[in-house]
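Below you'll find the structure, written out as structure tokens, and then a few comments.
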Amino acid sequence: MTDTALIWGASGGIGRGLVESLVDHGWQVAAVARRGDSSVGPATWTAEADASDEAAVQRAVQELAQQAGEVNWWIYAAGDILSSPLEKMELKDWQRILQANLTGVYLTAKYSLPLLAPGAPLYILGAVSERMRLPGLSAYAAAKSGVEALAEVMKKDLRRTVVVVRPGAVKTALWDKVPFKAPPSAISPQDLAKKMLTAYQQGYKELKLDL
């Protein structure tokens, strides 16, 4: 039987890299993105939703329940970043970053649960949060630290494997939103996806996965 992955944030650099890599490895992929099916690559099924919009998330899950059925691997790859000094940051921007990186995890996990096969793990794209506490990144740092706390409680509440993927630098468009450049060691989204797939295949169960 072919395995099925559900990827939220499938149009971003990492999300699309996951779609492409998993399809290449024979997976069926249900891909959800704000920009619809033209942006998520060779996904098997698609749905359109902003991960922080509760009603949209519910609609996407209902659509995919009819199309994809049971999910073997749940992945949250949505996110956003903003560089702004605290005294200049507007509340709407603070809320946008927390919604994309943290609230979206809660909403999509909550409503996806009926789709998950027994034992299906949940992987959340996080960050090496202790390295994110940099000038201008208050919202992003708070959100990514919050993701780790949320995931730890999810693991206990759901009694499932919940993994926060903490990659080093990855070549994505998010670098265009911060005042520093990706280091030469930055890897491609496709390379990150392969490392995540290896962890999944090996049955990784720890809370944090540094890649």
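Coordinate-derived values only; no laboratory data. It should be emphasised that the depicted structure is a prediction, and the values quoted were computed from it without experimental measurement. Methodologically, a virtual Cβ is constructed for each residue, glycine included, from the backbone with ideal geometry; neighbour enumeration extends over all protein chains shown.
General observations
- Cα-based helix-to-principal-axis angle, 54-67 vs the chain, degrees rounded to 10: 30 degrees
- Cross-link partners for Lys92 among the lysines, with Cα-Cα distance under 17 Å and sequence neighbours closer than 8 places in the same chain left out: Lys177.
- Placing +1 on the Cβ of every Lys and Arg and -1 on the Cβ of every Asp and Glu, with no other charges, gives the chain a dipole of roughly 480 debye about its Cα centre.
- Cα centroid separation, the range 101-118 to the range 47-65 (Å): 10 Å
- Peptides 92-105, 17-30, 60-73 ordered by packing proxy, namely the average of other Cβ atoms within 10 Å per residue, highest first: 17-30, 92-105, 60-73.
- Considering every alpha-carbon pair of the range 50-143, the percent of pairs per 5 Å bin, from zero through the bin containing the longest distance, is 2, 14, 21, 20, 15, 11, 8, 6, 2, 0.
- Gaussian network model of the chain, springs between alpha carbon atoms under 10 Å - residue of Leu107, Leu137, Leu158 with greatest fluctuation: Leu158
- Two-site label geometry, Gln201 and Gln66: point separation in nm, points 7 Å out along Cα→Cβ: 3.5 nm
- For the chain, the C-alpha radius of gyration sits at 0.95 times the compact-globule guess of 2.2 N^0.38 Å, with N the residue count.
- Angle between the chain longest axis and helix 138-158 axis [Cα atoms, degrees, rounded to 10]: 30 degrees
- Counting only DSSP H runs of at least 4 residues, each contributing -39500 (n - 2.57), and dividing by the residue count of the chain, the helix-based mean residue ellipticity at 222 nm comes to -11500 deg cm²/dmol.
- Greater than 30 Å apart at Cα, pairs in Lys155/Lys195; Lys88/Lys194; Lys88/Lys205; Lys88/Lys155; Lys88/Lys144: Lys88/Lys194; Lys88/Lys205; Lys88/Lys155
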